[in-house]
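Throughout, read-outs are computed from the coordinates displayed, never taken from laboratory work. Model, not experiment: these values are computed from the prediction. Here Cβ is always computed from backbone atoms with ideal geometry, including for glycine, and neighbour counts include all displayed protein chains.
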Amino acid sequence: MVAQFISIHPDNPQPRLIKQACELIEHGAVVVVPTDSAYALCCKLANKAAVERISRIRQISKKHNFTLLCRDLSEISTYAKVSNNIFRLLKNNTPNAYTFILKATKEVPRLLLNDKRNTIGIRVPDNAIVQALLEQLDQPLMSCTLILPGHEEAESDPVDINEKIGSVVDLIIDGGLVVPEATTVIRFEDDVPVVRRIGAADPSPFE
């Protein structure tokens, strides 16, 4: 197997290419996608076979938390329990390079959940390519940062990615170089935000 390699404009994604990528995702593809913090491995929501493939590529256990990439907060109440106050706080600070850890609803596939806490990670990335994909798909993407086994930093160069894992994924979207920087992680505990990791986005709105 050799991955398809599609170059998409990072600021003005070509609709034809976005549609082509989404058709592959709908049919169960594992894809490499640029985000606002690094490249990520993504697949269709609740696609168990694709999740297992991603886990093998990353060499991660079943306990690893996947994150839902959402186009905006209109979908958030389907997958996470949020009060009006929390919703407003999130809305005022997205899209951006945050990962929000929230209590999951029953709509979240079990393979995505953190079993002990029944929580889910949700992102609204500030990246035109991902936003175009999510708009076309009309549902979130399951995602996992592309950090290869034995590496500490996420992958940033689509050409390098193609050389390293082009034989084990179905599609690589070239959105140019992405400077890898971890997201800022905010966990909500009883509606109180707790900064768990400081990364690319400003933590101060949640402190």
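Please give the calculated 222 nm ellipticity per residue for the chain, where each DSSP H segment of at least 4 residues contributes -39500 (n - 2.57) and the sum is spread over every residue; nearest 500 deg cm²/dmol?
On the way: 6 runs with 54 residues, N = 207.
So the calculated ellipticity at 222 nm is -7500 deg cm²/dmol.
Calculate, axis by axis, the spread of Cα positions in the chain along the three principal axes, and write the results as whole Å, longest axis first.
Principal extents (Cα only, largest first): 46, 35, 31 Å.
Order of 43, 22 from fewest to most other C-beta atoms within 10 Å?
Details: 43 25, 22 21.
Arranged by neighbour count, lowest to highest, 43, 22 become 22, 43.
How about residue 91: which aspartates and glutamates have a C-alpha closer than 20 Å to its C-alpha, ignoring those fewer than 8 places off in the same chain?
Reachable aspartates and glutamates: 36, 72, 75, 126, 135, 138, 189, 190, 191, 202, 207.
Just the Cα atoms of the stretch 78-179: what Rg and Dmax do they give in Å?
In order Rg, Dmax, the Cα atoms of the stretch 78-179 give 15.8, 46 Å.
Please find the FRET efficiency linking residue 91 to residue 26, where r is the Cβ-Cβ separation and R0 is fixed at 30 Å, and quote it to the nearest 0.05. Kindly include the intermediate steps, with their values, before the conclusion.
On the way: r = 29 Å, r/R0 = 0.95.
About 0.55, to the nearest 0.05.
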